1. Looking only at the range 44-71, filter to residues that are outside any helix (DSSP H, G or I) and among the basic types (Lys, Arg); which one of those is surrounded by the fewest Cβ atoms within 10 Å (Cβ to Cβ)?
2. Quick check on my filter: what residues within the range 101-138 are of a type in the set (A, V, I, L, M), buried (at least 16 other Cβ atoms within 10 Å of the Cβ) and part of a helix (DSSP H, G or I)?
3. Give the residues of the range 192-202 that are farther than 10 Å from residue 250 by Cα, of a type outside the set (Val, Ile, Thr) and touching a helix residue (DSSP H, G or I) at 6+ places or on another chain (Cβ under 8 Å), sorted by residue number.
4. If you check residue 316 against the conditions, is it more than 25 Å from residue 224 (Cα to Cα) and either assigned to a loop (DSSP other than H, G, I, E, B) or at pLDDT 75 or above (or both)?
5. Could we say that residue 288 is loosely packed, with under 14 Cβ neighbours inside 10 Å, at pLDDT below 65 and in a helix (DSSP H, G or I) here?
6. Any residue at all in the range 142-161 that is of a type in the set (Asp, Glu), surrounded by 15 or more Cβ atoms within 10 Å (Cβ to Cβ) and farther than 30 Å from residue 252 by Cβ?
7. For residue 98, which of the numbered conditions (1) at pLDDT below 95; (2) surrounded by 20 or more Cβ atoms within 10 Å (Cβ to Cβ); (3) among the charged types (D, E, K, R) fails to hold?
8. As an exercise: evaluate residue 37 against (1) within 20 Å of residue 136 (Cα to Cα); (2) in a helix (DSSP H, G or I) and give the number of the one condition it does not meet.
Amino acid sequence: MARDSNSYAPAYQEALGSSEAFLRCQERLSLAAKVNRPLLIIGERGTGKELAARKVHYLSPRWRQPLVTLNCAALAPTLIESELFGHEAGAFTGAQGRRAGRFEEAHDSTLFLDEIGAIPLEAQEKILRVVEYGTFERVGGSRTVEVDVRIVAATNADLPALAEAGRFKRDLLDRLAFEVIHIPPLRERGEDVLLLARHFAGRMAAELSLGQSPRFSRQAERALLAHGWPGNVRELKNVVERSLFRAGGPLIRDVALSPFEDCGIFMMGRGSQPDASARESSTQSLHDLSQPSSALPDSGVSFQQAVREFELSLVRSALAAARHNQRKAAGLLGLSYDQFRGLYRKFIKEFAE
């Protein structure tokens, strides 16, 4: 659908955070919303650029009209011009009637152009004319169409570099960049990671009908905070939902960072295995740990307790070396996956802390 719902809450419900970087960005979006000028939103994939655009629209004087969106990277370059400006009957093969484009649909509203760097130069020229004069012609037509549209564009590309290379019109970049707002990546948002993780876990728990509020073990929280999140909020949402689904209950003990961690046999030969130096380093660290110590345990420690502590240290070291991938940790210890899982469950209380 080209048009979004008129409801503000569903469009904005996942824009959550309390970090300084997040709040500063939200403040800039709120200020930009009140000015009827083009806006450029930049940020890495998965940071929530579309959510930011929705906030700008629903806080603007145009909020009564539905937001119109177009993902420019999802269309072939030959189709973008027709999608944006519409076409007349007979404009090309298959054009049996007149069709309105996104600019006409967004009259008196906001048009969100995601991945605007993917728009070909010919269409960029027509967009520039709309920004400057509010007019255009449909594909295959000569009649001038007038519209009142605010453009909010988003990209993860370096538009100034594209302009220098002649792949993006400098004049259009200048007009779109009345205000440029950077959406911070998740790795710069600190404790927002855990706040968002609990939010996504709560929603997934309701979907799974768990009946209890989900929670994370300390180990799981450490793993969430230590991860770099190249896919940002979108990746975090997927990881949390997958982890809760695999947990089989409200306590998330392990974070399933990769959906392929249990596909070791299938992924063999596809670059999923650690390189030789990494395997050698991990194996050596475990080998060093497994060497008997010259010091005997204190007299107050039983043989059974000493063995238990030694096993626990091996499991912890293997998990650390395998970055908490249990199948890889089992391989480092020379165990089957089921054997390792049995050993892991033996120390489940320690890992839940």
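The values are calculated or read from the model by the stated rules, or taken from the named source; none is laboratory data. Quantities reported herein were computed from a predicted structural model and do not represent experimental measurements. Positions of Cβ are generated from backbone atoms using ideal geometry, with glycine treated the same way; all protein chains shown enter the neighbour counts.
1. Residue satisfying both the conditions and the ranking: 64.
2. Hits for the range 101-138 are 116, 118, 123, 127, 128, 130, 131.
3. Answer for the range 192-202, where residues must be farther than 10 Å from residue 250 by Cα, of a type outside the set (Val, Ile, Thr) and touching a helix residue (DSSP H, G or I) at 6+ places or on another chain (Cβ under 8 Å): 192, 194, 196, 197, 200.
4. no
5. yes
6. For the range 142-161, residues of a type in the set (Asp, Glu), surrounded by 15 or more Cβ atoms within 10 Å (Cβ to Cβ) and farther than 30 Å from residue 252 by Cβ: absent.
7. (2)
8. Every listed condition holds for residue 37 apart from (2).
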